[in-house]
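**Q** Structure incoming, see below.
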Amino acid sequence: MPRGRTRSEEDWIRRIQQIFPTRNRHVLVSIGDDAAILKLSSSSRVVITTDQMVEGVHFQRETHPPALLGEKALAVNLSDLAAMGASPSWALLSLFLPPDLSHQYLEAVLRGMARLARREGVVLIGGNLTTAKVLALDVTLLGTMTPGLRPLSRSGARPGDTLYVSGTLGGAALGLSLLRAGWRWGDIAAGRQASSPAMKGASAALKRHLSPDPELKLGRLLARHALATSAMDLSDGLSVDLHRLCRASRVGARLFAAALPLDSGAIRWLGEEQALRFALHGGEDYRLLFSVPPGRAKRLCRLAGLDRLHPIGQIVPFREGINLEDEMGKVVPLPPLGYDHFVSGGAMKRFWRR
């Protein structure tokens, strides 16, 4: 890395991999994927992931309802397990609590997390408490996989595979933009803005950002039926996450702008051009991005249906790079402009400042 250049998130991950090389017969998937997979015995596979929600980085306390914050702190980890085709089982929770945090707010956070945990069969088995300057929730999630199944990972895509995404893209980014414009979930829930024409789509977009719904069922189906050659969840934006999948698989990709499932609310609010930018770079959609060989497409349609699955592009040889084909057939390089904690001051500034 050239001297003076800010290290990106990917730079730091590669450096950590160099310092901590993984050479262990129990480790099936290690640093650099959505989760780690350990083979404890011939009949036991444990999947482990961890993620944080940090005030001022991932959320603002005054705009994120506490119950939905609790749900999201668990949901982002559930999404990592979905990307591996795993089933969640146990969780550890570490809380970093500032002195000004009210008991009522924290209890509401915990109740929201507990509600989602019950729904997905997750048992909280421990954690840690400490004081801090800002509120932070650190969740470690453990799950299981059926022995004998090939786990999903980022590293199996091959030229000729079709790229799919589940659901629409850009809704969460619209939700964040609405929060920044002064919209509040409490107002929508209470119906105080229900008469506004702009209300259409706003509720769904805010919910997408504040409390995403992980694709656990789809992830398990893809793994159980060996449909996908690679998969990952879309947390930081399609453009940057696609670059990560292609780097892990050592391939290139071509996306088709006309095939991208743009969020309908983003189209109504922003127009198609800006909605496309939100879909490509906005982040926090927590959909699954995955590749499927041509010979498995019919089986995918039969098992999962295509009402929420969208073919959006093609895996190509590495030398062709990662490109976007617009509706006129013009092909241009697709830059990774999504979320990066360490570049240009962090959270999405490379996207949002444009």
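The values are calculated or read from the model by the stated rules, or taken from the named source; none is laboratory data. Fair warning: this is a prediction, and the values are worked out from it, not measured in the lab. All Cβ positions, even for glycine, are placed from backbone atoms using ideal geometry, and neighbour counts span all protein chains on display. Surface areas here come from the heavy atoms of the whole protein model, side chains and all, with no ligands, DNA or RNA. Shrake-Rupley method; radii C 1.70, N 1.55, O 1.52, S 1.80 Å.
**Q** Ignoring ligands, DNA and RNA, what percent of the accessible area of the chain is carbon or sulfur (1.4 Å)?
**A** On the way: 8990 of 16640 Å².
On the chain, the fraction of accessible area on carbon and sulfur atoms equals 54 percent.
**Q** Projected onto the charge dipole of the chain (+1 at Lys/Arg Cβ, -1 at Asp/Glu Cβ, origin at the Cα centre), which of Gly282, Ala257, Val46 gives the Cα projection farthest towards the positive end?
**A** About the Cα centre, the residue reaching furthest to the positive side is Val46.
**Q** Check cross-link reach from Lys207 to the aspartates and glutamates: straight Cα distance under 15 Å, and skip same-chain residues fewer than eight apart.
**A** Of all the aspartates and glutamates, those that pass the test against Lys207 - Cα under 15 Å, at least 8 places apart if same chain - are Glu71, Asp187, Asp263, Glu284, Asp285.
**Q** Rounded, prolate or oblate, given the Cα gyration tensor of region 1-87, with a/c below 1.5 counting as rounded? It would help to have the intermediate numbers written out before the result.
**A** Working: a/c = 3.57, a/b = 1.16, b/c = 3.08.
Here region 1-87 falls in the oblate category.
**Q** Place a point 7 Å from the Cα of Asp11 along the Cα-to-Cβ direction; which residues of region 52-78 have their backbone N under 18 Å from it?
**A** none
**Q** Sticking with this one: Find the accessible area per residue for region 211-333; the probe is 1.4 Å, ligands and nucleic acids are left out, and the unit is Å². Don't skip to the answer; put the middle values down first.
**A** Working: 5320 Å² over 123 residues.
Normalised by residue count, the accessible surface of region 211-333 is 43 Å².
**Q** Given 0.36 nm per residue, what is the gain on full extension from His225 to Val54 after removing their alpha carbon distance, in nm?
**A** Values: separation 171, 0.36 × 171 = 61.56 nm, distance 3.68 nm.
Net length gain for the segment: 57.9 nm.
**Q** On to the next question. How many percent of DSSP beta bridges within region 72-211 run antiparallel, rounded to 5?
**A** Numbers: 9 of 17 bridges.
Percent antiparallel among DSSP bridges in region 72-211 is about 55.
**Q** Let me ask something else about it. Using a cut-off of 13 Å between beta-carbons, work out the net charge of the residues near Ser102 (Lys and Arg +1, Asp and Glu -1, Ser102 not included).
**A** On the way: positive: Arg61; negative: Glu62, Asp100, Glu107.
Summing Lys/Arg as +1 and Asp/Glu as -1 gives -2.
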